[in-house]
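Please read the structure below before turning to the comments.
Coordinate-derived values only; no laboratory data. As the structure is a computational prediction, the values presented were derived from the model and not from experiment. Because the Cβ atoms are built from the backbone with ideal geometry, glycine has one as well, and the counts that use them run over all protein chains shown.
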Amino acid sequence: MAVPSEVTVLSAYAPLFQVPGARRFVAGTAFSRVGGAMFGVSVVVMVSERHGSYALAGGVSAVGLAVLAVAGPVLGRFIDKHGQRRVALPFVLLSSVTGLSVAVASWLGAPVWTIFVLYGVSAFLPEPSPMSRARWAHIFRDDPDRLHTAMSFEQVADEASFVVGPVLAVLVPTLWFPEAGLVLAQVLFTVGAVVFLSSTATEPPVVPLADRPTGLAIRWPGLAVVAGTLVLTGVIFGANEVVAVAFAEADGHKERASLVLGLFAVGSTVSGVVMGSRVMRSTLTRRLLLAAAGMAVLEAPALLVAETWQLALVMLLAGSATAPMLITALSLCQRLVPRAMMTESMAVAVTGILVGISAGSVVGGWAVEWLGPQRAYGVPVVAGLVAVGIVAVRYRALERAEDARRVPVEV
């Protein structure tokens, strides 16, 4: 009897959970990811409800993402030097206090500048995703195929959180009060991060200072190209978040924005699951170019839709290109640098995404107000085309950098 294909696909992930201590840190990141996926949409909903401006809402979201973009590589470097739990825990607790203060300030009608400041401070925290990926990179450092599966699982987990997160971020404020989404996001993120950091058995060991390579991770060949491509990927994400809410509201069904964003993540999740179950033999650079092209092409039909349900279907297809893009880009980041810089390199990659989301939120908000929700989808389409251009122009150099680091170097 033939084995069902879905069983074959899912069985590829089973060995990951047989690693001692893996289930605990995976559970922790599951909660923190959902909370993290709620932050941007929760703030957009909260500020737009209280102040009636999507441009202002996008600005607040952008400030938080810009701070997080700066904090990521800095804290990632400290984590590589001193360990995950020692560095990350204090900043997680700081974020919890200031993040809840944002909700209180909004509830009390405090001046807008206080929301900008508090939300910016709350964003100074280490991202769980780079730390989680660094754990898998350490665990499967001598097994490239299993590492590919682990990195794919990480992206699937990220995307699954963006199925649940935006739905909660829109639904909870609709049912309760505008700040409810942000409060729930902060609670989920904090609880998940604490559980993750309490799982010390899988934490990568700190490389002694004398054995660490000098300089910053971003200076290693190829990493800046990948980070730049991820900036454009982030623009697509950030613009989609803001424009989807505005499009659904203009169509008279604001609550359906969560469906649009959720289906975008569903498409990415499904493609990520399938990709992780396959053994890939082409170069990461080639896969990066193909994934960037897929993002640009599949996002374009959003310019032609007239109703929210049509947009939701387009986003389902468009999302199928994002997991391959992110899986490939983040795998390439960990390939391009020494292991002692793993967290920092992936933090640089995530920073690229966050910078893009920040810019996409702002530009998307402006585009909505100046061009209207439908034409505003030109922002993510153009971003996808520019991403293709960046990879195409630097293709040979990036492929050489990948090939130079193909054999792991113990540093």
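Laid out as a table, the results:
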| read-out | value |
| --- | --- |
| Cleavage-rule hits (trypsin sites (Lys or Arg not before Pro)) in region 220-329: DSSP loop, at most 15 neighbouring Cβ within 10 angstrom | R278, R281 |
| Principal axis dimensions, region 239-388 - Cα atoms, whole angstrom, descending | 51, 29, 24 |
| Charge dipole magnitude, Cβ of K and R +1, D and E -1 - the chain, Cα centre, debye nearest 20 | 1060 debye |
| Size-normalised alpha-carbon gyration radius of region 45-183, reference 2.2 N^0.38 Å | 1.21 |
| Relative contact order [Cα under 8 Å, 6+ residues apart], the chain, whole percent | 27 percent |
| Estimated dipole of region 1-136 in Debye, rounded to 20 [Cβ of Lys and Arg +1, of Asp and Glu -1, Cα centre] | 480 debye |
| The chain: angle of helix 395-404 to the longest principal axis, Cα-based, in degrees nearest 10 | 40 degrees |
| Mean separation of Cα contacts under 8 Å (6+ apart) over length of region 54-136, as relative contact order % | 45 percent |
| For region 290-411, size of Cβ-based charge dipole, Lys and Arg +1, Asp and Glu -1, in debye | 340 debye |
| Computed [θ] at 222 nm, helices only, for the chain once each DSSP H run of length n ≥ 4 contributes -39500 (n - 2.57) | -26000 deg cm²/dmol |
| Positive minus negative residues near W309 (Lys, Arg vs Asp, Glu; Cβ under 11 Å) | -1 |
| Which label in (i) 21.8, 89; (ii) 20.1, 67; (iii) 29.4, 109 gives the computed Rg and Dmax of the Cα atoms in Å | (ii) |
| Candidates Q155, Q186, Q310, ranked by Gaussian network fluctuation over the chain, Cα under 10 Å, top entry | Q310 |
